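*Asks:* Got a structure here, written out as structure tokens. Questions coming.
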Amino acid sequence: MGEVRGGTPAAAGEADAGAVVVRVERAGHVAVLVVDNPPVNALGIAVRRALRDALLGLDGDVTVSAIGLAAAGRTFCVGADIAEFDKPAESPTLRELIATLRGLSKPTAAALHGNVLGGGLELALACRLRVADAGCRLGFPEVQLGLIPGAGGTVYLPRLIGAERALRMILSGEPVAAAEALGLGLVDKVVGDHPRAAMIEMLREAAEAGLRSAGGRKHARAATPLPDFDVLAAELLAKNKDLEAPAACVAAIRNSLTMDEDAAFAEERRIFERLRQGKESRALRHMFFAERSAGRAAAKAARPRPVESIGVIGAGTMGTGIAMAFAAAGLPVAVVERDSGALAAGLGRVDTLYAGSVSRGSLPPEAAAARRARVVGTTDYSMLASCDLVVEAAFEDMEVKRGVFARLDAVCRPGAILATNTSYLDVNEIAAATGRPEDVVGMHFFSPANVMRVVEVVRANRTDPAVLATAIAVSRRIGKVPVPVGVCHGFVGNRMLGARNAQMIDLVIEGAMLQDVDRTFREFGWPMGPFEMWDMAGLDISWRARKAQGKALAIADELCAQGRFGQKSGRGFYRYEPGSRTPLPDEDVTRLIHEEARRRGVQRRDIEATEIIERTHYPMVNEGMRTLEEAVANSASDIDVIWVLGYGFPRAKGGPMHWASDIGWDVVAERLDHWRGKTGSDLFRPATRG
Ligand code: COA
């Protein structure tokens, strides 16, 4: 037995100085290097150095006949250390380590378990042999971080499994299961468990047979003809045509078909470096860590209470979606409605959604049945007496919600957590309807709640830290990303949405066409334009809210008064052919806009995309700044998580705050001042100027 420590303190960024990151274990003449760099055995500099030193030492050791690679803990190496991508590369790079591994004189093998991803898979592919356990998953997720595999993956994979499969694997970023990997020739053997023992056995035989490392083994070029490759690549790229990384993956794989190995490696490296330093990858890496750090401090601040049973108030769209989200994670849910008719309608919707998932093939029938069986409907509040957490998703009205919370206070056991799914209302006021405000918290799910991954967890003034920690823990448990926020109208997301939309109608009155605004948003990277979105969601919802508050909005109010509620009535900002969701320009709406312009005395003019973006997106960022100043949001990266996961802000731009910091806050503030001068609207008063 031996061990290789994590190098000098200077290299200790990812592993504690002196921590053992690679162990050497011996099984007779076979030496096994065990990477031990929790939590996921990322290949940071300390690991790479330790591996390189150990490999060279063992290659020169006459008592060693073969060398194996394995990893401790829950997984084999999941790739490069993503945090290191912000710094200049340190030697040995993964490429250099792999060159060392391939250049050894002795046979090499890797024992694979857990996730074998990115650089971890490249390391495994550089061994002569690979054995995986049955639960192992292998893949190249780099494209999801705006990168290509950078240590030979784009060169070896096509040579090993063919260009078409390689293209599909690298472009999707999705891993394949061990059995499929075996069929593809990615691994040589799959075992039920103990891949390390199987590897040692294979290495013994390899040493006896006189096999050498992988270096001597040249892979032939993949045989796919270029025209076929290009057709497939174009087809696969069509979905991602605005992103850099997918096109770069195609280019790198194509090189491996047209160049010799060394030239293809050099090109791969060059492309990787360009992407690593580019905006897209920086934004996607930011999102990787932002999602993981959201809510961490609040989760650690107190011990969460146990949660094993859930109550949901309301069987509307939100309530049933929330119930399904908990049921998917194995938790029993009691859904309460006022009357049996509404309850039956809600449960019917649940049945329809499960049936849809089964018929689309996204959920096996048994899993759907098991989830459905966990959802029980009732009109009796006393069913909630033993629930650990109750989420209220009743009508968005303060008196209704206060009524519900007073009833919950009467029926729920002491210590139960009472959460409200309100998207705008004051959680302090709701909590005050109970005699236990410390147990009340907001859990603002996004619609559809069984699909959307983010939850704003709202801490009210008197929320117990343990209640906050529980709401965060249970959100993580059901696969959501919880973001703690403070109380204010609309919290972080909807408050910023209000600021983003505030100028939308003015823009079209001043001269932008609806389709110009929508196209500009789509070109920015949003999945849909704001007017298309409005038509899809229904104009009547915000109309009702405005009327209740005594507010008015030009054009939108008029459309609603004409019964144009959007897609559901076949007409809204656009018109729709029966059965179609394609928005078509409508002259009646154009006329309405022109009339409003005349009424206001506005001289219509051409409005450029830049102006559309600045007058919608900068106020949104500005409002985000205000939520930070007021400590409603904890961090800019939390805001980014809410917007990317909750509203479809383009992930490749890293969320609104990351996007704005790339532009520079000074520049944004200067443009806000500019638009404040032009429009006279206080919406554009830069946050940091008081
Ligand atoms: N580099 C640095 N840190 C990494 C990492 C990597 N490649 N992969 C995971 N981590 C960290 C996470 O940030 C997290 O840290 P935290 O606990 O401080 O938040 C921790 O490891 C666990 O990761 P998490 O994603 O929470 O665990 P999981 O079990 O849900 O998923 C993986 C594990 C490996 C599937 C997932 O982390 C992943 O996809 N990682 C990225 C792999 C990758 O892209 N590799 C190629 C890099 S070019």
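*Asks:* Can you pull out every residue in segment 626-646 that is surrounded by fewer than 24 Cβ atoms within 10 Å (Cβ to Cβ), over 20 Å from the mean Cα position of the chain (by Cα) and in a helix (DSSP H, G or I)?
*Replies:* If the condition is that a residue be surrounded by fewer than 24 Cβ atoms within 10 Å (Cβ to Cβ), over 20 Å from the mean Cα position of the chain (by Cα) and in a helix (DSSP H, G or I), then Arg626, Leu628, Glu629 are the ones that fit.
*Asks:* Taking segment 3-40, which residues are buried (at least 20 other Cβ atoms within 10 Å of the Cβ), part of a strand (DSSP E or B) and modelled with pLDDT under 55?
*Replies:* Val4
*Asks:* Also, quick follow-up: Would you please name the residue that is nearest to Thr378 (Cα to Cα), looking only at residues in segment 306-354 that are of a type in the set (Gly, Ala, Ser) and touching a Gly at 6+ places or on another chain (Cβ under 6 Å)?
*Replies:* In this case the residue turns out to be Ala334.
*Asks:* Take the residues of segment 388-420 that are within 16 Å of Ala334 (Cα to Cα) and not hydrophobic (A, V, I, L, M, F, W, C): which is surrounded by the fewest Cβ atoms within 10 Å (Cβ to Cβ)?
*Replies:* Arg413
*Asks:* Name every residue in segment 95-110 that is in contact (Cβ under 8 Å) with a residue 12 or more places away in the chain and not in a loop (DSSP other than H, G, I, E, B), in order of residue number.
*Replies:* Residues satisfying the conditions are Arg95, Glu96, Leu97, Ile98, Thr100, Leu101, Arg102, Thr108, Ala109, Ala110.
*Asks:* Go through segment 95-109 and give me each residue that's within 16 Å of the ligand (Cβ to nearest atom) and out of contact with any Asp or Glu (no Cβ under 7 Å at 6 or more places or on another chain).
*Replies:* Passing the criteria: Arg95, Leu97.
*Asks:* Taking segment 647-673 only, how many residues are outside any loop (DSSP other than H, G, I, E, B) and either among the β-branched types (Val, Ile, Thr) or free of Cβ contacts under 8 Å to residues at least 12 places away in the same chain (or both)?
*Replies:* Residues flagged as outside any loop (DSSP other than H, G, I, E, B) and either among the β-branched types (Val, Ile, Thr) or free of Cβ contacts under 8 Å to residues at least 12 places away in the same chain (or both) within segment 647-673 amount to 5.
*Asks:* Which residue pairs have Cβ atoms under 6 Å apart, sit 6 or more places apart or on different chains, and have a first residue in segment 394-414 that is under 21 Å from Phe445 (Cβ atoms) and a second that is surrounded by fewer than 17 Cβ atoms within 10 Å (Cβ to Cβ)?
*Replies:* These pairs meet every condition: Ala394/Val400.
*Asks:* Can you name the residue in segment 41-94 that is more than 20 Å from Gly150 (Cα to Cα), in a loop (DSSP other than H, G, I, E, B) and of a type in the set (D, E, K, R) and is also farthest from the ligand (Cβ to nearest atom) among such residues?
*Replies:* Per the stated criteria, the residue is Asp61.
*Asks:* Still on this structure, I have one more. Could you tell me whether segment 154-170 includes any residue that is buried (at least 16 other Cβ atoms within 10 Å of the Cβ), within 16 Å of the ligand (Cβ to nearest atom), modelled with pLDDT of 95 or more and not hydroxyl-bearing (Ser, Thr, Tyr)?
*Replies:* Scanning segment 154-170 turns up at least one residue that is buried (at least 16 other Cβ atoms within 10 Å of the Cβ), within 16 Å of the ligand (Cβ to nearest atom), modelled with pLDDT of 95 or more and not hydroxyl-bearing (Ser, Thr, Tyr).
*Asks:* Another question about this same structure. So in segment 545-562, with the set limited to residues that are at pLDDT below 85 and outside any loop (DSSP other than H, G, I, E, B), which one is surrounded by the most Cβ atoms within 10 Å (Cβ to Cβ)?
*Replies:* Filtering segment 545-562 for residues that are at pLDDT below 85 and outside any loop (DSSP other than H, G, I, E, B), the one surrounded by the most Cβ atoms within 10 Å (Cβ to Cβ) comes out as Ala545.
*Asks:* Here's another thing I want to ask about it. Could you please give the count of residues in segment 135-144 that are crowded, with 24+ Cβ neighbours inside 10 Å and near the ligand (Cβ under 8 Å from one of its atoms)?
*Replies:* 2
*Asks:* Quick check on my filter: what residues within segment 293-339 are within 16 Å of the ligand (Cβ to nearest atom) and of a type in the set (Lys, Arg)?
*Replies:* Arg296, Lys300 - these are the residues of segment 293-339 that are within 16 Å of the ligand (Cβ to nearest atom) and of a type in the set (Lys, Arg).
*Asks:* Quick one: how many residues across segment 278-301 are in a loop (DSSP other than H, G, I, E, B) and surrounded by 19 or more Cβ atoms within 10 Å (Cβ to Cβ)?
*Replies:* Of the residues in that region, 2 qualify.
Residues are listed down the side, and each one gets a yes or a no for (1) of a type in the set (S, T, N, Q); (2) more than 17 Å from Gly173 (Cβ to Cβ); (3) away from the ligand (no atom under 15 Å from the Cβ):
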{"residue": "Ala248", "(1), (2), (3)": "no, no, no"}
{"residue": "Ala252", "(1), (2), (3)": "no, no, no"}
{"residue": "Asn255", "(1), (2), (3)": "yes, yes, yes"}
{"residue": "Arg269", "(1), (2), (3)": "no, yes, no"}
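*Asks:* Could I ask something else about it? Quick check on segment 111-132: of everything there that is away from the ligand (no atom under 16 Å from the Cβ) and assigned to a strand (DSSP E or B), which residue is surrounded by the fewest Cβ atoms within 10 Å (Cβ to Cβ)?
*Replies:* Applying the filter and picking the extreme gives Leu129.
*Asks:* Hey, another quick one. Looking at segment 584-610, which of its residues are without any contact (Cβ under 8 Å) to a residue 60 or more places away in the chain and either among the acidic types (Asp, Glu) or not in a helix (DSSP H, G or I) (or both)?
*Replies:* Leu584, Asp586, Glu587, Asp588, Glu595, Gly601, Gln603, Glu608
*Asks:* May I pose another question? I want to confirm something. Restricting to segment 523-544 and keeping residues that are closer than 19 Å to Gly498 by Cα and among the charged types (D, E, K, R), which single residue is surrounded by the most Cβ atoms within 10 Å (Cβ to Cβ)?
*Replies:* So, considering only residues that are closer than 19 Å to Gly498 by Cα and among the charged types (D, E, K, R), the one surrounded by the most Cβ atoms within 10 Å (Cβ to Cβ) is Asp535.
*Asks:* If you don't mind, there's one more thing I want to ask. Taking the criterion of being farther than 22 Å from Leu43 by Cα, out of contact with any Phe, Trp or Tyr (no Cβ under 6 Å at 6 or more places or on another chain) and of a type in the set (Val, Ile, Thr), would at least one residue in segment 158-175 satisfy it?
*Replies:* Yes - at least one qualifying residue is present in segment 158-175.
*Asks:* Could you list, in sequence order, all residues of segment 174-196 that are within 16 Å of the ligand (Cβ to nearest atom) and farther than 18 Å from Leu123 by Cβ?
*Replies:* Glu174, Ala177
*Asks:* Residue check, Val467 against (1) in contact with a Phe, Trp or Tyr (Cβ under 9 Å, 6 or more places away or on another chain); (2) buried (at least 22 other Cβ atoms within 10 Å of the Cβ); (3) under 14 Å from Thr420 (Cα atoms), all met but one. Which one?
*Replies:* Answer for Val467: the failing condition is (1).
The values are calculated or read from the model by the stated rules, or taken from the named source; none is laboratory data. Keep in mind the model is a prediction, meaning the values are calculated, not measured. Every residue, glycine as well, gets a Cβ built from its backbone with ideal geometry; the counts of neighbours run over all protein chains shown.
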